[in-house]
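The values are calculated or read from the model by the stated rules, or taken from the named source; none is laboratory data. All figures in this text were calculated on a predicted structure; none of them were measured in a lab. Please note: Cβ atoms are built from the backbone with ideal geometry, for glycine as well, and neighbour counts cover all protein chains shown. The protein model used for the area step is the full one, side chains on, heavy atoms only, and it has no ligands, DNA or RNA in it. Shrake-Rupley method; radii C 1.70, N 1.55, O 1.52, S 1.80 Å.
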Amino acid sequence: MSYQCRFQGVLLIAIIPVIAYLLGVSLCQALMMNIGVDIGVTIFITIYAFFYNLT
């Protein structure tokens, strides 16, 4: 499970500056926007990937 967590963490770190640039907001504002949406999606994808790899 640590691989999935590291992958999702790096993915979030890479996407936050892109979101900030495209929306024209600061990194802090992009992080706050990202927390609400992506954390839920990230948790779902991480759990899905974990159970997918068990099969």
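A few remarks follow.
Residue by residue, here is whether (1) among the hydrophobic types (A, V, I, L, M, F, W, C); (2) in contact (Cβ under 8 Å) with a residue 12 or more places away in the chain; (3) out of contact with any Leu (no Cβ under 7 Å at 6 or more places or on another chain); (4) part of a helix (DSSP H, G or I) holds:
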| site | (1), (2), (3), (4) |
| --- | --- |
| Gln8 | no, yes, yes, yes |
| Leu12 | yes, yes, yes, yes |
| Ile19 | yes, yes, yes, yes |
| Val25 | yes, no, yes, no |
| Cys28 | yes, no, yes, yes |
| Ile35 | yes, no, yes, yes |
| Ile39 | yes, no, yes, yes |
| Ile43 | yes, no, yes, yes |
| Tyr52 | no, no, yes, yes |
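- Counted residues, segment 36-47 - those being open to solvent by 80 Å² or more (accessible area, probe 1.4 Å) and more than 15 Å from Arg6 (Cα to Cα): 1
Let's see how each residue does on (1) at pLDDT below 80; (2) surrounded by 12 or more Cβ atoms within 10 Å (Cβ to Cβ); (3) in contact with a helix residue (DSSP H, G or I) (Cβ under 9 Å, 6 or more places away or on another chain):
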site: Tyr3; (1), (2), (3): yes, no, yes
site: Gln8; (1), (2), (3): yes, yes, yes
site: Tyr21; (1), (2), (3): no, no, yes
site: Val25; (1), (2), (3): no, yes, yes
site: Asn34; (1), (2), (3): yes, yes, yes
